[in-house]
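Visitor: Below: one structure in structure tokens.
The values are calculated or read from the model by the stated rules, or taken from the named source; none is laboratory data. Just so you know, these numbers come straight off a predicted model, no measurement behind them. Note: ideal-geometry Cβ built from the backbone for every residue, glycine included; neighbour counts use all protein chains shown. Surface accessibility is based on the protein's heavy atoms, side chains included, excluding ligands, DNA and RNA. Shrake-Rupley method; radii C 1.70, N 1.55, O 1.52, S 1.80 Å.
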Amino acid sequence: MKSNILTGACAMLFILTLGSCSSGRISSRAPVELEQAWASDNTFKTPESALYDPQRNVIYVSNINNNTKTSKDGDGFISKLSPTGEVQELYWVSGLNNPHGLALHNNVLYVADMDEVVAISTQSGGVLGRYKADRARMLNGVAADDNGNIYVTDTEEDRIYVLRNGRISPWIDKTKASRPNGISIRGNRMLVAFSGSGEVMLLDPETKRFSEWIDGVKAADGIDAVGDGSYLASSWNGEIFHIDERNRKWSLLNTTDQNMNTADIHYAAQPGLLLVPTFKDNRVVAYRLRER
């Protein structure tokens, strides 16, 4: 009888262990953790995205300010923040509407701003061009590939645009899931976060076909590569996840009870910082990724 009990207990333990490792969705302990490096003051105005420029050793922050989704109020702006959290220039570029996602390529900062992409010189802060996207309503996430193609999600229209050779046009007219938000490109690997379904999906840039990657990221917003094969993803509500190379997902941070959002995050490899715009909290908070 004692032998049967032990055998049953061992079998149950084996099943539980197997179940926690097989799906890639459940695990008791994350291999990494977040440690706060600094937090800016709260002078930002609804910060939505933060992006590090390694050439100029500066962080760009998009400020929506008054969040008017349908009218162009002109009160949005881009700020410059030091890698240690000091605001260098709050109104570096002004006259935008609802600036969201940011991407860099060849000394140009690309900003998603309602129905257009604004190109800004990182050297002078001057606006180099405004590219209006036909039928766009809420341009949101932005990513640049190695060839300088700029991909932009439209969250309201379930569409992805591409800005190529000075022209912007629909690239995918209807995405597989609802409300595409953050977008990440590393080589030929493209990922899109969907705030409507809570999924982050792989997207083949050649065939334009989506495939499953992870789910369970409610109000999915930002997605960025760490550099070791793993990724970080944010829920706008206030949660950050780590996804390893085997697609196992862990929650590293949850600030929902503090009314502190985690919007369009970016990981800056050179200083080793995860940049988190806190939206309603009006700050940018930086974290270091530490192995446990």
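Visitor: At 1.002 mPa s and 20 °C, plugging the Kirkwood radius over alpha-carbon pairs of the chain into Stokes-Einstein gives what diffusion coefficient in µm²/s?
Guide: For these conditions, the coefficient is 110 µm²/s.
Visitor: Please state, as a whole number in µm²/s, the translational diffusion coefficient that the Stokes-Einstein equation yields for the range 101-187 at 37 °C and 0.692 mPa s, with Rh defined as the Kirkwood radius across alpha carbon pairs.
Guide: 260 µm²/s
Visitor: Tell me, what is the per residue accessible area of the range 97-185 in Å², probe radius 1.4 Å?
Guide: Spelled out: the 1.4 Å probe surface of the range 97-185, per residue, equals 38 Å².
Visitor: Let me ask something additional. Tally Lys and Arg at +1 and Asp and Glu at -1 over the other residues with C-beta under 15 Å from the C-beta of Pro83: what net charge comes out?
Guide: Net charge in that neighbourhood comes out at 0.
Visitor: OK, next. So how do 268-279, 81-92, 235-246 stack up, highest first, on mean other-Cβ count within 10 Å?
Guide: Top to bottom by mean Cβ count within 10 Å: 268-279, 235-246, 81-92.
Visitor: Lys249: which aspartates and glutamates have alpha carbons under 16 Å from its alpha carbon, excluding same-chain residues fewer than 8 sequence positions away?
Guide: Within the straight-line limit of under 16 Å, Lys249 reaches these aspartates and glutamates: Glu33, Glu199, Glu212, Asp215, Asp221, Asp224, Asp228, Glu239, Glu291.
Visitor: Nearest 10 degrees, 0 to 90: what angle lies between the long axis of helix 2-22 and the longest principal axis of the chain (Cα atoms)?
Guide: Around 10 degrees separate the two axes.
Visitor: Give me, ordered by chain and number, the residues 5 or more places off Arg56 or on other chains with an amide H under 5 Å from its own placed amide H.
Guide: Sorted by chain and number, the residues that satisfy this come to none at all.
Visitor: Apply the Karplus parameterisation 6.51 cos²θ - 1.76 cosθ + 1.60, with θ equal to phi minus 60°, to every residue of the range 221-231 and state each ³J(HN,Hα) to the nearest whole Hz, in sequence, with x for glycine and proline.
Guide: Here the 3J(HN,Hα) series is 10, x, 8, 8, 7, 8, x, 10, x, 9, 9 Hz.
Visitor: Karplus couplings for the range 144-151 from phi (6.51 cos²θ - 1.76 cosθ + 1.60, θ = phi - 60°), rounded to Hz, Gly and Pro as x?
Guide: The phi angles translate into 10, 8, 5, 8, x, 6, 10, 9 Hz.
Visitor: Given a 1.4 angstrom probe, I'd like the percentage of the accessible area of the chain that is carbon and sulfur, rounded to a whole number.
Guide: 45 percent
Visitor: Same structure, new question: Residue-wise, which Karplus ³J(HN,Hα) couplings in Hz belong to the range 173-187, taking 6.51 cos²θ - 1.76 cosθ + 1.60, θ = phi - 60°, and x for glycine or proline?
Guide: 3J(HN,Hα) across the range 173-187, in whole Hz: 7, 8, 6, 5, 10, 8, 6, x, 10, x, 9, 9, 10, 10, x.
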